[in-house]
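Here the structure is laid out as structure tokens; the discussion comes afterwards.
The values are calculated or read from the model by the stated rules, or taken from the named source; none is laboratory data. These numbers come from a predicted model, not from an experiment. Glycine gets a Cβ as well: all are built from the backbone with ideal geometry, and neighbour counts include every protein chain shown. Ligands, DNA and RNA are stripped out before the accessible areas are found, and what is left, the full protein with its side chains, is counted by its heavy atoms. Shrake-Rupley method; radii C 1.70, N 1.55, O 1.52, S 1.80 Å.
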Amino acid sequence: MTQNTIKLDRTLGLWSVVLFGLAYMTPMIVFGTFGALASASQGTTAMAYFIAALAIFLTAASYGIMAKVYPVAGSAYTYARKSLNSGTGFLVGWAVLLDYFFLPMVIWLIGAAYLSSAFPAVPAWLWIVGFIVLTTAVNVIGIAFANRVNVVLMLVQLAVLVAFVALAARYVAALNGASGLVSVRPFFEAGVPFSASVAGAAIAAYSFLGFDAVSTLTEETRDPTRTMPKAIMIIAVIGGIIFTGSAYITQLAHPGGEFASVDSAASEIALMIGGDLFVTVFLATLVVAQFTSGLAAQASVGRLLFAMGRDGVLPASIFGKLHEKWRTPVLNLVVVGIVGLLALTLDITTSTSFINFGAFLAFTAVNVSVIALYLKENPIVRPLGPLLGLAVPAVGAVCDLFLLWNLDGHAKLLGVIWLAIGVCYLAYLTRFFQAAPPEVEFVE
């Protein structure tokens, strides 16, 4: 069977896809980034998550529509390429590549920050390097381990998350009575401008990144034109409820955005609400979750780089090779590990903003793709009417661009530079735009 005739098995049902999306989001990430978010939003984390959830919900509707129109793997890259044009699709894929590169780094950085708070005598750089070396070694040999424990780990995460929220609620009730659990302060804090909540929302969107990742499973899903739109919306809604609710209770337990260490704030809160035993369980669960999430993220980058090398988007002699014994893209995985060393010089706020730059561009492109298909009178999109075909994606695109504009300044500068490099590289690949760029095929 030739490469172009390989088909993925359609074995996944609705709740399998939903479970994948929730596991990819890593529910406990709400605590991993809580300090950075509380600091940026000046103590209005619930509002920040609510704003982010609204933008994600609108964008999720567009992803659902596009997954119905194009039930193939590839996500935002494929949607923009087929709905807009090949050049735009290439640049969207190029922007998403920035996400892929930085995502493992952020995951390792968060894990290292919490280990450093627990073991301050150990230099932080040692934890980062340890994460990189260990995950790279496991990915080179194979990632079957992470796939086997994924479901179990997510259930453990949810249990610890529920325990954290319950202990935080008990702590608040003990201090202020049951009425203390009802407050607008996590949404509106006196003297805090709305722009601070928006700045927090630009960071909070990082927690939702898994909702669109499931669109890459389209070719492995039963009845994808019906299943995928439902799954994407369910994931967005459940994620919004989990993150906003958790942030609300946690912010009540610790008002404001001041912490001994912003990058490991949740450990400080866990100790305050649950004591030594709970903070140990919390830390262990968070670190294991970050490790397995890092495995999957690094493997995804390696696979994407291999696909780009195989299809001629990147040099095949470098990125399009697999190890003869392990059948894994060893060089690609090593490159991702080297990029991850940037975590030695960055904090969680800046690094998550780097990722969200590419994510917001991709989200915007998906919304615009729906509008383009509606105007082209696509037989699937046009019958949805002006509300879902025009208004919802237009508002979603505006929200995404608004959040992008409120990202960290360094992230915006890096993103613009990355896009400029992408334009130059596209010009090279297409002989100054005289030919169509090569297309990445997302096959196993």
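Quick look at the values:
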| quantity | calculated |
| --- | --- |
| Separation of the Leu375 and Asp223 label points, Cα + 7 Å toward Cβ, nm | 3.5 |
| Total charge dipole magnitude, segment 305-402, about the Cα centre, Cβ charges on Lys, Arg, Asp, Glu only, Debye to nearest 20 | 320 |
| Cα gyration tensor, segment 53-197 - rounded (a/c under 1.5), prolate or oblate | oblate |
| Relative contact order (%) - segment 351-442, alpha-carbon pairs under 8 angstrom, separation at least six | 33 |
| Nonlocal amide H pairs with Leu12, under 5 Å, H built at 1.01 Å | Thr221, Arg222 |
| Dipole magnitude (debye, nearest 20) for the chain, charges at Cβ of Lys, Arg, Asp, Glu | 880 |
| Normalised per residue, the volume of the convex hull around the Cα set of the chain (Å³) | 143 |
| Principal-axis tilt of helix 224-253 within the chain, Cα atoms, nearest 10 degrees | 20 |
| Segment 360-444 shape via C-alpha gyration tensor axes, a/c threshold 1.5 | oblate |
| Under the Karplus curve 6.51 cos²θ - 1.76 cosθ + 1.60, θ = phi - 60°, whole-Hz ³J(HN,Hα) for segment 22-28, x wherever Gly or Pro sits | 5, 5, 5, 5, 6, x, 6 |
| Note, ³J(HN,Hα) from phi for segment 258-274, Karplus 6.51, -1.76, 1.60, rounded to Hz, x at Gly and Pro | 9, 9, 4, 9, 4, 6, 10, 4, 5, 5, 4, 5, 4, 5, 5, 9, x |
| By average C-beta atoms within 10 angstrom, highest first, the peptides 297-307, 416-426, 282-292 | 297-307, 282-292, 416-426 |
| Residues of the chain: accessible area per residue with a 1.4 Å probe, Å² | 41 |
| Listed residue (Leu209, Ser195, Thr221) projecting farthest to the positive dipole end of segment 155-225, Cβ model | Ser195 |
| FRET E, pair Val184, Phe402, Förster distance 22 Å, beta-carbon r, rounded to 0.05 | 0.45 |
| Rounded D (µm²/s) - segment 26-134, Kirkwood Rh over Cα pairs, Stokes-Einstein at 20 °C, 1.002 mPa s | 127 |
| Carbon + sulfur, % of accessible area of segment 16-104 - ligands and nucleic acids excluded, 1.4 Å | 66 |
| Positive-end residue of Leu91, Leu404, Val370, charge dipole of the chain with Cβ unit charges | Val370 |
| Inter-site label distance for Ala173 and His323 at 7 Å from Cα along Cβ, in nm | 5.2 |
| Given charges at Cβ of Lys, Arg, Asp, Glu: the chain dipole, positive-most of Leu419, Gln251, Leu181 | Leu419 |
| Relative contact order for the chain, counting Cα pairs under 8 Å that sit 6 or more residues apart, in percent | 34 |
| Folded to 0 to 90 degrees: helix 124-141 orientation relative to the chain principal axis, Cα | 40 |
| Cut-off 10 Å between beta-carbons: net charge of the residues surrounding Leu373, Lys and Arg +1, Asp and Glu -1 | +2 |
| Shape of segment 159-204, Cα gyration tensor, a/c cut at 1.5 | oblate |
| Simple label model, 7 Å out from Cα along Cβ direction - Ala284 to Leu134, nm | 1.4 |
| Net charge dipole size for segment 179-279 [Lys, Arg +1 and Asp, Glu -1 on Cβ; Debye, nearest 20] | 380 |
| Near-label residues of segment 241-273 by backbone N, under 19 Å of a point 7 Å along Cα→Cβ of Val162 | 241-250 |
| Full-extension gain in nm, Ala391 to Ala435, via 0.36 nm per residue minus C-alpha separation | 12.4 nm |
| Folded to 0 to 90 degrees: helix 194-204 orientation relative to the chain principal axis, Cα | 60 |
| Descending semi-axes in Å of segment 24-77, equivalent ellipsoid built from Cα gyration tensor | 29, 13, 8 |
| Residue among Leu384, Leu341, Leu403 with the largest mean-square fluctuation in a Gaussian network model of the chain, springs linking Cα atoms under 10 Å | Leu384 |
| Heavy atoms of Ser117 accessible to a 1.4 Å probe, total area in Å² rounded to 10 | 50 |
| Residues listed by number, segment 110-128, amide nitrogen under 14 Å from Leu341 label point at 7 Å toward C-beta | 125-126, 128 |
